[in-house]
Structure formats: structure tokens, C-alpha cells
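Notes for the one structure printed next.
The values are calculated or read from the model by the stated rules, or taken from the named source; none is laboratory data. A quick note: this is a predicted structure, and the numbers were derived from the prediction, not measured. Cβ: placed from backbone, ideal geometry, glycine included. Neighbour counts: every protein chain shown.
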Amino acid sequence: MARLTPIADGAPWMPPAEALIGRSPLCTLRLSATDVSKEHATLRWVGDAWELRDLGSRNGTYVAGKRLNPSERASLLAGTVLRFGATTGYTVDDDGPPPAMARREDTGTWVAAAHRMLVLPNDEHPEATVHQDAAGRWILELDGVASEVHHADLLIASGVTWRLSLPSLGDRTAEVSGRLLRGARLRFRVSSDEEHVSLLIHTTAEAIDLKSRAHHHVALALARARLRDVVAGVPPAEQGWVYHDELARMMATERTHVNVAIHRLRRQLEDAGFVDAPSCIERRLSSGQLRLGIAELEVLPAS
């Protein structure tokens, strides 16, 4: 994850996929030194590297001591020292890709994705979720409906307008380091009164005990829907799909509670080290349908 640290005092800066640097109130990174131009430079993720471009600044943009010509671009590497004018410097501590981010339009406040999910307005009220699917598309889940979104798109969550900042993967191969749900098997243990649902995940290498959690009920409801379709002979691609409202009725709860449960399930899986945690729930674009994203399932009584 990209991070630039001021050479002088100041907090590290985590840039979005595109940033304007300078003294103007419109700048993403707003600098106060008088030798910095109002719109001094741009920083942009171009798919496999960070690219810094001088905007014809009066006092120059410097990369590793070399002044860029007006409109000249330079790729950045970890350890590179940047200067904007004579007095303002930053060190590139991390040249990795930026996370998905969103900017609140009325205040300019930024929210960054934790792990692989951008949640708006926050984890306590997960009204909107943005994550990347296996095909590399950015998917927005809002009001129980999934749709594809792109960099700079606007959305409204909790009555607030947000502008998305979504990085492109470009030609860089995504690094996968961690556990995978793909190919895993889920084993549910359900108490006789169905108050307690424990979940065990079997991968090819190990078994991970997620214990009993309230949000496991949403996974159990979807698992049962998928297993019913297996028994009925429904083709695998069509197994387990239910509408968001139907799932809320199955669980005897509100739509918003379903969203919260799904969010908590994904977060628990992320915390357990599953790099593809968002895929535990699959959604059909623009349809309001969803299903459990794992096909190998067991539902057993608690022992």
C-alpha cells in the first residue's frame, strides 16, 4: 500500500489513485509552503507504478534530486526522495498500489479500504461495499443490489455523496498470499434450537474453526438454499440463488440486518487470513440475487 512520509514533521500520506498536489484548496495533498505552486504536480497510479508529473511549477518538482521538466513524468520507487519547490520534501516509503478509496464530496474526507473491502460510511454502518471480483471488476453492493463501478464514479450512501478512487491493476499480476476460500469446504454445526451456529472451514491444508457467531446465520440460510437446489437437481450455476428480500424473510430480520451480517462474515474471514473473503457471498449484477460462494457444504447438528 502506497505511503509517502514528510521529510520534516508530519503524518504519512496514503495517496488515492489520482492526486493533485499544491497549495490550492482543490488539491488532494495541500501544501502550505509559499514556494509551492497552487497546482504544482500530479501523482497517479498507472496500473503497475506511481507516476509523478510536474505541472509547470515555478520552483520545480524534484525526483531523487533531478528536476522534472514541465509536464515531464517520472516513475517512483520505494526510497525515492521527492521535493516540491525548495523546502517541501517527501520520501516514498512504499510504492505499492493504492487501496480503493472514496472522498466525501461535502467535506473532502477520505475513507480507505481495509484489506480488500471499501465500506461506506463505516464498518458500523456498512450501507455500501466496494470490492474487486475475480475478473478484476470493481463491484458496488448497495441496497441489496450489485453493480459494476469505475474510478471517479459517484454514489450516495447514508445520504452523503462519495466519489470513488479505484486503482487499476494494469499489467501487474495480483499477488495472492494467504488462505483461499476457492476449493474450501464449509461445515456448519447447528444447535437444536438454532440459536448457535458454529462454522469450520476445511481447506486443502488445514481446518479453521470460526467458532459460533451470530452472523453465521446468514451463511447457514444461504447454505441450506444451495443444498436444497443440489437435492432438486438444479444445475450448479443456478444453485442457491435467492433475492435479498427473500433472504431477509428466511432469517426473519430486516434488510439492513442482512447487510450487516454479510459484512461481518466477510470481515471475520478476512481476519482469518482469507484473501478472497468477499467471494464468500456472490451476487448477480443488477438483479438483487445472491448466494453462498462456496459449493462444498455440510450442515450437521451440534455435537
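Inspect the range 155-162 for any residue being surrounded by 13 or more Cβ atoms within 10 Å (Cβ to Cβ), of a type in the set (Phe, Trp, Tyr) and within 30 Å of ASP106 (Cα to Cα) and give the result as yes or no. Yes: the range 155-162 contains one or more residues that are surrounded by 13 or more Cβ atoms within 10 Å (Cβ to Cβ), of a type in the set (Phe, Trp, Tyr) and within 30 Å of ASP106 (Cα to Cα). Considering every residue within the range 29-45, establish whether at least one is more than 27 Å from ALA152 (Cα to Cα), among the small types (Gly, Ala, Ser) and touching a Leu at 6+ places or on another chain (Cβ under 8 Å). Checking the range 29-45: not a single residue is more than 27 Å from ALA152 (Cα to Cα), among the small types (Gly, Ala, Ser) and touching a Leu at 6+ places or on another chain (Cβ under 8 Å). Residues that are within 15 Å of the chain's Cα centre (by Cα), touching a residue at least 40 places away in the same chain (Cβ under 8 Å) and not in a strand (DSSP E or B) within the range 120-147 comprise ASP123, ASP133, ALA134, listed in sequence order. Looking at the range 217-301, the strands (runs of 3 or more DSSP E) lying wholly inside it that each contain 1 or more residues that are surrounded by fewer than 16 Cβ atoms within 10 Å (Cβ to Cβ), β-branched (Val, Ile, Thr) and in contact with a strand residue (DSSP E or B) (Cβ under 7 Å, 6 or more places away or on another chain) sit at 296-301.
When you check SER192 against the structure, is it among the small types (Gly, Ala, Ser), part of a strand (DSSP E or B) and surrounded by fewer than 19 Cβ atoms within 10 Å (Cβ to Cβ), yes or no? Taking the combined requirement at face value, the residue does not satisfy it. Hey, could you check the range 195-216 for residues that are of a type in the set (A, V, I, L, M, F, W, C) and at pLDDT 95 or above and say which is surrounded by the most Cβ atoms within 10 Å (Cβ to Cβ)? Result: VAL197.
Selection of the range 222-237 for residues being within 16 Å of GLU282 (Cα to Cα), among the hydrophobic types (A, V, I, L, M, F, W, C) and out of contact with any helix residue (DSSP H, G or I) (no Cβ under 8 Å at 6 or more places or on another chain) yields ALA223, LEU227, ALA237.
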